[in-house]
Structure formats: C-alpha cells, structure tokens
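The values are calculated or read from the model by the stated rules, or taken from the named source; none is laboratory data. Just so you know, these numbers come straight off a predicted model, no measurement behind them. Positions of Cβ are backbone-derived with ideal geometry, glycine not excepted, and every protein chain shown enters the neighbour counts.
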DNA sequence: AAGTTACTTTTAAAAGC
DNA sequence: GCTTTAAAAAGTAACTT
C-alpha cells in the first residue's frame, strides 16, 4: 500500500533538462552593425531590441549578442551543448573577421527541466495543503509551487508530470523533484498509476 | 508641525481622491457585471485596504479595482471570470491577474480553488433550464470531482459540459453552441469536457 | 471533427526605454 | 514594467481542411 507507493515514487521520478539559459561575457565591445553586415542568419533591429539575434543549428541554440560584449545563450539541453554552442559562436564571428580576443566567461543563469513522478496528483488537495502554491485552473492547468530549497519554481500537473525552472545547477532539478514527491506523498496527494 | 499637518493632509487627500475615483469605477463595473451588493461591498473593502497598504502606487486604479472585484467574487463564490471582468475595462486580463495575485498575497486573502458547480446556476438560468437540470449537473460534477477527472480543467468548461449532459438527460436539450456561448467557452471545449465526463462517469447520452 | 498553430504559466540574463 | 530568446507541462482557442 503506502510503502508500495513510496517505492514507486522514490525510485521512479525521472527528470530531463530541456533548456539552459546562460550569460557569456567577452571582455570587449562589439560592433553589432558590423556583425549584422557580415554574418549570415542574424537579426538586428535595435529599435525593437538592443541585442543581435544569432541562431545556431547544430547545438540548436540562440544567442542574443550585445554591444557590451555580453551575450545570452538559450536552448542548450546540457552543459556540454552550451559549451559547444559558445565555441561555435566565437568561431563563427572570427570566421567573418570579427576579432574576439578574450576567452568567454560562461555562467548558467537558469535551467528548465521536465519531470515525472509517475503518480497522479490531487491538485486541489495539494493547493490546499502545500505552502507557497497557487492553483487556478481557470488560468493555467498546473499548480505553481515556489520551493525554498532548492530555490526553484515547479509547475505541477495532475498527470504527475512537472516543469522545474529557476535552477542554477543541474543537481537542483533532481533534488527538487525528489522533495516535491516526498511532500506530496506525506500530504497524501498521490494516486498510484498502476494498481496492484 | 504645520508642515507635517500639511503633508498628512496632502496624503490624506490623495488617498481620498484615489478612493473617490476607484469607487466610481466600482459603481460602473458593478452595474455592468450585475454584481450582488455584497460582492461590491467586499471589493470596496479590499480596495480600501490595498490603498492603505500603498499597493496601488504604480498601478492603474482600474486594474486594481478589477482585481479587487475578482477577489471578492472568489471569496464569496460568485462566478465571474477574469475575462468577463477584463472585458469591461481597458486593462488586460494579464494585468488584472497580476494585481489579483498581489492582493491575495499582501492582504492575506484566502481563496479556495474555483468550484465549477458555482457556475451552473448562471448557465442554467441563461438558458431557462429547470432546477432539476441544475441538480443533475451538480451531481455530475460532484461525482467527477470525487473521481479526480476534473483536475486542471477550466471550471466554466466543466460546468458547461455538465449542464449539457444534464439537459440532454432531462429532455431539455440545448445545443453545445448555446451552452458554450453563455458559459464563455468554445464549443470544442464543451464537447471535449462532456465526452470525458460521460466516459468517466459511464453516462450514456441519448443519440443525437 | 481532425489538424495546425499559438497562446496561457514559470524562470533568468542582456541594454534601454 | 516592457522589449527578445528557449523550453516543458496541459488546457483552451482560433483558423484550415
């Protein structure tokens, strides 16, 4: 019974990193108009947004490049993909004659992941018993929970699937899912998916 | 001393000016939304507390009043969606929703999850459906909730689907289009919800 | 009625309005 | 606060076919 459910949710939670947002600092200024005129497939509309948009196909990522030499890279699904993307962006800029001297300083700012605890969740009950949560099915089907440790936000659905966002380290994702699974179990908000 | 009095006076008058303007908005919206008196009075109380806490600074009076009305409706379980309230203002649903969350947090207002059953009377009355249809629709939603098949669904859509099924079963048939219209959802949503409810509750609908 | 596309929610950073 | 990027979850919406 309860111990079976516990075994199910403690061992079955799965997580997958879906998107990593990072800032990259090149200690030098950049001429965005020059980049736009030389590098293909970029978009630069300063009246709409101060950053130049560059999309990479291989590690499918997108970079927002600013004249200060700082950039935001989004879309990577792993730290390795993120690093590969940054190297590729710099190689691309150099290929078109844009001088980049400094080594890029990469900092992960946000990790978005999906998770699944393999048990149905009683959202109404969870909304009532779980602190820092909001559940407004009129607006969004998921329950929004702000966890303090790790400090992340979870979007929890009745299917047992969820979205974890706001993490700075990959390990926080799994910790958060384990934490919420235990809390929901303790609050008796779970319903096992496979009976018996 | 005189300065402090003047400053206080200035602040008080600005609060009063703000309140006066807000109450005018509240009067207008209450009429357009046909709000019961108790909802209007609660919204006024909420707004007054918001002003006293300085929550209106940097926000439009209209958005905050709209949010106060929505909060009052939720507290008193008077069904009004954020969209219908927004329809009567220049503010966006998103902006009002933001103010609503702020009011709940800052004023410690506790609200339960919307109950789709509360939407049944509005839909049924708008279509001249009988009390027995309403009773049946409510029973359908009670059973659905106990089975956990309503999680994540829009309460207005669930109520519309339950009324549709109850009306069919009672021989007071209304089209999905009519029900969807008064419930403020699309026909597709009514269809999706009623099919799921019928399936999960084992209800057989008279063939159309 | 099915299929598409697209919007709702959350997160973080960049420079500037 | 807004603007732009990406991504998942599940529900709803708006068009096409």
Residue A:49 meets each of (1) away from DNA strand C (no atom under 12 Å from the Cβ); (2) without any contact (Cβ under 8 Å) to a residue 40 or more places away in the chain; (3) over 21 Å from residue A:105 (Cα atoms) with one exception, condition (1)
Quick one: how many residues across region B:85-126 are in a helix (DSSP H, G or I) and within 16 Å of DNA strand C (Cβ to nearest atom)? 17
Matching entry among B:141, B:129 (being at pLDDT 95 or above and under 19 Å from residue B:203 (Cα atoms)): B:141
Anything in region B:144-186 that is in a loop (DSSP other than H, G, I, E, B), within 14 Å of chain A (Cβ to nearest Cβ) and within 23 Å of the chain's Cα centre (by Cα)? List them, or say none. B:148, B:149, B:150, B:151, B:152, B:153, B:154, B:184, B:185
If the requirement is being more than 12 Å from DNA strand D (Cβ to nearest atom) and in the same structural domain as residue A:42 (by TED's automatic domain parsing), which of these qualifies: A:72, A:86? A:86
If residue B:75 meets every condition in (1) over 16 Å from residue B:33 (Cβ atoms); (2) more than 13 Å from chain A (Cβ to nearest Cβ) apart from one, which number is that one? (1)
Would you check which residues across region B:6-44 are surrounded by fewer than 13 Cβ atoms within 10 Å (Cβ to Cβ), in a helix (DSSP H, G or I) and at pLDDT 85 or above and list them? B:20, B:24, B:27, B:31, B:37, B:38
When the residues of region B:78-97 are filtered to those that are within 11 Å of chain A (Cβ to nearest Cβ) and near DNA strand D (Cβ under 10 Å from one of its atoms), which remaining residue is surrounded by the most Cβ atoms within 10 Å (Cβ to Cβ)? B:81
Inspect all residues belonging to region A:174-187 and state whether any of them is in contact (Cβ under 8 Å) with a residue 60 or more places away in the chain, surrounded by fewer than 17 Cβ atoms within 10 Å (Cβ to Cβ), in contact with a helix residue (DSSP H, G or I) (Cβ under 6 Å, 6 or more places away or on another chain) and outside the structural domain of residue A:54 (by TED's automatic domain parsing). yes
